[in-house]
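Can you keep this structure in mind? I'll have questions shortly.
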Amino acid sequence: AAASAVELEGAVIASRHGRELIGRFDVVYLNRGRRDGLRRGNVLHIQRNAFKDDSRVDSQLPVPPLGSLIVLAVKADSASALVLDAEREVPPGAAVSTVRGGDVEAVVSILPACGR
């Protein structure tokens, strides 16, 4: 996993199996790619604006993300990513943004360790 060199916002455009709701360990497709500065291994947060009922949250306060993704493969204008964590199921169209700096280690630490 790697921190992104650029601040980038995008969206989940579909899931690998065409599901209406996306959860942990699902593969998703993003509307950003290599031309936007996205790279394999970048970590992204799933933003809370995926749900209209979250609009009641005070916009002055920092809002924790719904979950996180890691980029598996990148094409010029799109990418595939694995959902590492999701507080609840997420619909296609959910906004995502790159994770920068030390926050990447916090996201990756939730993954189970390899037994070998």
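The values are calculated or read from the model by the stated rules, or taken from the named source; none is laboratory data. Bear in mind the structure is a predicted one, so any value in this text is a computation, not a measurement. Positions of Cβ are generated from backbone atoms using ideal geometry, with glycine treated the same way; all protein chains shown enter the neighbour counts. Note: accessible area is taken over every heavy atom of the protein model, side chains too, but ligands, DNA and RNA are not part of it. Shrake-Rupley method; radii C 1.70, N 1.55, O 1.52, S 1.80 Å.
Which value in nm describes the separation of the simple spin-label points at Arg24 and Ala73, placed 7 Å from the Cα toward the beta carbon?
2.6
Please compute the modelled spin-label separation between Glu87 and Ala5, points set 7 Å along Cα→Cβ, answer in nm with one decimal.
Using points 7 Å along Cα→Cβ, the separation is 3.2 nm.
Set the Förster radius R0 to 25 Å, insert the Cβ-Cβ distance between Arg16 and Asp103 as r into 1/(1 + (r/R0)^6), and round the FRET efficiency to 0.05.
0.45
Continuing with this model, one more query. Over the heavy atoms of Val6, what accessible area does a 1.4 Å probe trace out, to the nearest 10 Å²?
Val6 exposes around 50 Å² with every protein chain in place.
Around Val27, what is the net charge, scoring Lys/Arg as +1 and Asp/Glu as -1 over all other residues with Cβ under 12 Å from its Cβ?
Cβ neighbours under 12 Å give a net charge of +2.
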